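> Sending over a structure as structure tokens; questions will come in a sec.
Only the coordinates and a few stated rules stand behind these numbers; no lab work does. All of these numbers come straight from a predicted model, not from anything done at the bench. Heads up, the Cβs are rebuilt from the backbone with ideal geometry, glycines too, and the neighbour counts pull from every protein chain shown.
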Amino acid sequence: MIPEENEPDYRIGIGTDIHRLVENRKLMLCGIYIPFPLGLLGHSDGDVGIHAVIDALLGASGMGDIGTLFPDTDDKWKDIDSKELLLVVKEKLEEKRWQVINVDLIIHAEMPRLGPYKGQMKRIVAGLLGIDFTAMNVKAKTNEGLGDIGAGQAIAATATALLRKKKRRGL
């Protein structure tokens, strides 16, 4: 184990998530409802944007992954709003003295077109994390008709996060 005083000041994490699109579910991405006839299947609300951000943050901090922290075998997390999961992770980061410096998120979806929602997505996630709007980025990409995403059967997300360790007071 690395002694705390030698712990790196900065860490980068990568997160990814994918969920199948199904009927009778609301489409939630980065904490907002997107009007669309299909939604994401998942134990929680299926918000792949927030789930990828959570995995990036947990990876950077060395605290595991979303499936370990919020297992789909636990009914406590059934149909939960993913914003609540992100707030739990934020609290755990603060307990370990990690500060979020920036997050970069890509949402991979053939449909719906997400351009009109990117600003709102940035505001929601940045607000939940307590970071400046400019420290959060959201990009939307299609899969050019390839694979399950390109066929409109799924939506995926990939995120990176940069964390900085806060120094103890008096050091």
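> With each pseudo-label sitting 7 Å past Cα toward Cβ, what's the Arg113-Arg168 distance in nm, one decimal?
5.5
> Pop a pseudo-label 7 angstrom from the Cα along the beta-carbon direction at both Thr134 and Glu94 and give the gap in nm to one decimal.
Here the modelled spin labels are 2.5 nm apart.
> For Asp9 and Arg123, what does the FRET efficiency come to when R0 = 45 Å and r is the distance between their Cβ atoms, rounded to the nearest 0.05?
Rounded to the nearest 0.05, the efficiency is 0.95.
> Hey, another quick one. List the lysines whose Cα sits under 19 Å from the Cα of Lys26, skipping any in the same chain fewer than 8 residues away.
Cα-Cα hits under 19 Å: Lys78, Lys83, Lys118.
> Specify the residue with the greatest mean-square fluctuation among Leu69, Leu29, Leu85, computed from a Gaussian network of the chain linking alpha-carbon atoms under 10 Å apart.
Leu69
> Considering only Asn143, Asn102, Asn24, give the residue with the highest GNM mean-square fluctuation for the chain, with springs between Cα atoms whenever their separation is below 10 Å.
Of the options given, Asn24 has the highest mean-square fluctuation.
> Also, I was wondering about something else. In sequence order, what are the phi-derived ³J(HN,Hα) couplings for segment 96-101 according to the Karplus relation 6.51 cos²θ - 1.76 cosθ + 1.60 with θ = phi - 60°, rounded to whole Hz, with x for glycine and proline?
8, 6, 8, 10, 6, 8
> Across the chain, where is the longest run that never hits GluC sites (Glu not before Pro) in a DSSP loop with at most 12 other C-beta atoms within 10 Å?
Between exposed loop sites, the widest span is 24-143.
> Which parts of segment 39-61 would a label at Glu84 reach, counting a residue when its backbone N lies under 12 Å from a point 7 Å out along Cα-to-Cβ?
It comes to 44-45, nothing else.
> Follow-up. With runs of 4+ DSSP H residues as the only contributors, calculate the mean residue ellipticity of the chain at 222 nm using -39,500 (n - 2.57) per run, divided by the residue total and rounded to the nearest 500.
Mean residue ellipticity, 222 nm, calculated: -8000 deg cm²/dmol.
> Taking Cα centroids, how far is segment 130-171 from segment 45-116 in Å?
Comparing the Cα centres of segment 130-171 and segment 45-116, I get a distance of 10 Å.
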